[in-house]
Every structure is written in C-alpha cells, then in structure tokens.
Amino acid sequence: MHIMARRGVLSVKLNQDQEYFTCATEDGLRIFHMDPLVQTHHIEASKIGSIRIAEMRLRSNIVAFVSGGSRPLYDDRTVTLWDLQKETAVSKVVLKEPVLDVKMTTDRLLVILRSRIILLSFPGGETLSELISRDNPNAVCAVAHHARKVVFPSRKSRGSIQIEDLDKDDSASQSKPPSIVQAHSNDIICAAINSAGDCIATASTQGTNIHLYHVHSKGITKLRRGLDKANIYCLNFSKDGSYLSCSSDKGTVHVWSLKDPDMNPVSTLKPLVGLPNEVKSYASFTVTAECACLCSFGTGDAMYAVCLDGSFHKYKLGRDGSQTDTGRNCFRVSYDIYPNLGELFD
C-alpha cells in the first residue's frame, strides 16, 4: 500500500503470515512485529536511501524493496533483495520500466509493472513467466503462497480478473490455461485471495460493493460496503479464511464473517430482479479518513489497522451487537504511533 506519505511513511505491507509488516520511509526501511507491537529492524537511509515499497519474505532475513521518495539510492526500475542480518544487498533485478510493487513467496519473486507481472524464481532469479495484465496503475495483484495462485486484472475485459499458477513456466511445453472471471463492470482497484486459494475478494473503482468469487462453485457473493463511491485501500482475509476485512478512504474498516454468514445482516436495499441480496458487514471500526490503511487479523478475535499517518489500532471483534464510539461489534484494545517506537533491543 503506497497512497500517501505522513510522518515520512511511504508504504506499509504485511508479510505472508500477517505477523510482521514492513514500513518503507524517507529514512530507510523499518520492520515491525504486529503483536506485541515492536520494531525489529531499522535499516537507515544512509545505507539504502529512501524506500518506496518493501516486502518481507515470510519471517526470513530477506526483504525485497524498491527505492523512492526524496533520497533514493537506486532508480525505480530496480528491485533490491536485502539481507537484514548481513545488512547488505544480495542481488538486484533491473527492469526496463518503473516497478510498481513486489511480492515474495518461499520460492518466487513477483515484480508488478504497469501492464505485466514478471514471475522469477527465488533465490536463483531466473525469469519463469511474464503475465500480461490489463493496464494496472494501482499494481493490483494478490498471491496465495500456500495454494500457489496469483490473481490480477485480466486484459480480456474491464472488471475481469485472471487466476494463474505460481508454478507457471513459459519454457514448459504445456501449461494450464488461466481462469478468467468477470468480477465487476468497472476496473479492479483491489483484490485478495485466501490462503486456500478457493475464495477471491475484489473491489472496483466504484467501491460500493465487494465481490466474493467462490472458485469451486463459480458463484459470486456481493458484500455491501456503503452507498457512496469510495477508494478501496485494502482487502484481506484472516489466515483461516473465516473473516474478510476492507478499508477505504471513508475511514471505516469493515469486517464480514465468512465462516458464519448468518452473523452478517442483509442489506435493506431491494436488489434488482434476479439478483441476490447484498450482505452488510457485521463489524466495523473507524480510523483516520482519507488515509491509506492496511487491515489485518491476529490470533483469536484480534484485529489490526496500520495507517500511513503512523497510527496503529488494535481491536477485538465482538458478537453481541454492541456499538461504541469507535466501532460496531469491535472494542479498541490499544492505540500506538508506530514510527515513534525504537528497536526491540535499543
């Protein structure tokens, strides 16, 4: 997520198990453990320059980053793989155009460009496949590293998504054809896939509904976010796929229960003839409006929001229908300003 910068924060990204997040800043790279909230690493700009985006590989010592901001050490066409323990670059991938985002799995590096995604092996760096996407200025790309799936906007039509295998290799004599799903009528602005790879959430530039595509049944469930157009910042499944969260520029984080759909109220808006009812979120809480926010789930009923204004919100999900000043079916546990935290062993 790299929408705006406050407190020098240019973007924040979760690692694959949602237990850590990277913070790309004007002052270099910082990495935080989610709960308890502590800073585990800080690589200063004197060593790597200002960083625009970064992703941690699971819980390892490897981070992929792209320079940006006011003091970049490299240009925006270079992906640097950095060893946190050795505090040195171990390899670089140089492209012919600006890199919009990077993603990592145990054995893959994905480089997201404006109209294609480069799939490389890790740690070898061999280019395995080049996935052609629709014009993708928001770098929409979702990865299920356990299920070995990647999702991105398809060039077939506006509002469609393409599902590919992470094991795709263009040099192979035979390859499985991709799955293409017409998810929306407007362009896709955000997407997520659960760890099992059997449920995909998408949002369009309209931002009023979130669509859930069920891979096996090929059905689509509509989740109502709101009535007004919104810019969706984040969609994220809980690790076990029981919940889905959504954040937007409206400053509200919504949560739907997928394991127990009866917890979600049905929208009172009457659907068009032949269309299903829209499902509303069962829980929500507020953060700073018009500030990009990353939402994540922890163990039990814990939930977090990491915002680019430097705020960190921890909530506990409830089920009794209660309403507080800060949320519905949510109770604030803690609030912190994460850029103010020093390293764990300072």
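The values are calculated or read from the model by the stated rules, or taken from the named source; none is laboratory data. Quantities reported herein were computed from a predicted structural model and do not represent experimental measurements. Cβ atoms come from the backbone with ideal geometry, glycine included; neighbour counts cover every protein chain shown. Calculation scope for accessible area: heavy atoms of the full protein, side chains included, ligands and nucleic acids excluded. Shrake-Rupley method; radii C 1.70, N 1.55, O 1.52, S 1.80 Å.
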Determine whether region 26-37 contains at least one residue that is more than 30 Å from residue 147 (Cα to Cα) and part of a strand (DSSP E or B).
yes
Strands (runs of 3 or more DSSP E) (entirely within region 147-197) containing at least 1 residues that are open to solvent by less than 20 Å² (accessible area, probe 1.4 Å) and within 17 Å of residue 107 (Cα to Cα)
149-153, 160-165
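Could you please let me know if residue 72 is out of contact with any Lys or Arg (no Cβ under 7 Å at 6 or more places or on another chain), open to solvent by 10 Å² or more (accessible area, probe 1.4 Å) and modelled with pLDDT of 95 or more?
yes
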Across region 205-233, which residue is nearest to residue 307 (Cα to Cα) among those that are assigned to a strand (DSSP E or B) and open to solvent by less than 10 Å² (accessible area, probe 1.4 Å)?
232
Within region 137-146, count every residue that is more than 17 Å from residue 95 (Cα to Cα), open to solvent by less than 50 Å² (accessible area, probe 1.4 Å) and not in a strand (DSSP E or B).
3
Filtered residues of region 153-170 (kept if more than 21 Å from residue 121 (Cα to Cα) and either of a type in the set (Ser, Thr, Tyr) or touching a residue at least 60 places away in the same chain (Cβ under 8 Å) (or both))
154, 157, 160
With (1) more than 21 Å from residue 311 (Cβ to Cβ); (2) of a type in the set (Asp, Glu); (3) open to solvent by 30 Å² or more (accessible area, probe 1.4 Å) as the list, and residue 83 as the residue in question, which single condition is left unmet?
(3)
